[in-house]
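Values quoted throughout were computed directly from the atomic coordinates according to the rules given, and no laboratory measurement underlies them. Fair warning: this is a prediction, and the values are worked out from it, not measured in the lab. FYI the Cβ positions are ideal-geometry reconstructions off the backbone, even for glycines, and counts take in every protein chain you see.
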Amino acid sequence: MGVTYTQGTKLELLDPIELGKQVTAVVRQALPWLQTLTEASASRPEKTGKWCAKEVIGHLTDSAINNHARVMRLQIETEPNLRGYEQMAWVDLQRYADREWSKVLESWAMLNEHFAWAVSHVDKAHLTNMGTIEGDELTLGFLIEDYIAHMEHHLRALKTWTI
């Protein structure tokens, strides 16, 4: 799994409905300021060799897709061995930098709204389900919390260099 973004909360304190609300809140809080970015500013990388805002949000879209699948598999399978994904290749192959900014935002928001819906309907007992990503064992509850913290991390960083 590599980098983690949260320490994780005690599983008995987690509530799927609240986790779903947290995902929705992150998107709804970020969307207004992201929509103020012009096409030019969303296309400009932070610095040479780094992603532009379109690519960062594209990466978060890919993360939503991959983590949605992980959340489903952790509820269905017994201790699944979940794959990572080639983040740089996904962003490059989908050419987010060339896509219209409003479309990049729309895809990210829509996928996360659906992710939030799915998370809010996880059976609380499943939050303790275990799986492995790239050799790291984790629970479903930790995966969801870490996903939220991952989004917040990238959005905070994005905000510092786009405004």
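The table below lists the values:
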| read-out | value |
| --- | --- |
| Inter-part distance where segment 42-75 and segment 83-162 are each reduced to a Cα centre, Å | 7 Å |
| Cut-off 16 Å, label 7 Å out along Cα→Cβ of residue 153, residues of segment 67-99 by amide N | 67, 84-88 |
| 27 Å Cα-Cα threshold exceeded, pairs from 103/159; 10/54; 21/103 | 10/54 |
| Calculated P(r) tail over 19 Å for segment 1-124, as whole % of Cα pairs | 55 percent |
| Label-point gap, in nm, between residue 69 and residue 113 - each point 7 angstrom along Cα→Cβ | 2.4 nm |
| Between helix 101-120 and the chain: long-axis angle, C-alpha atoms, 0 to 90°, nearest 10 | 10 degrees |
| Calculated SAXS-style log₁₀ I(q)/I(0) at q = 0.16 Å⁻¹ - segment 107-163, Debye, Cα scatterers | -0.64 |
| Order of 120, 41 under a 10 Å beta carbon neighbour criterion, fewest first | 41, 120 |
| Length-normalised contact order for the chain - Cα pairs under 8 Å, 6+ apart - percent | 42 percent |
| Expected 222 nm ellipticity per residue - DSSP helices of 4 or more, -39500 (n - 2.57), all of the chain, to 500 | -20500 deg cm²/dmol |
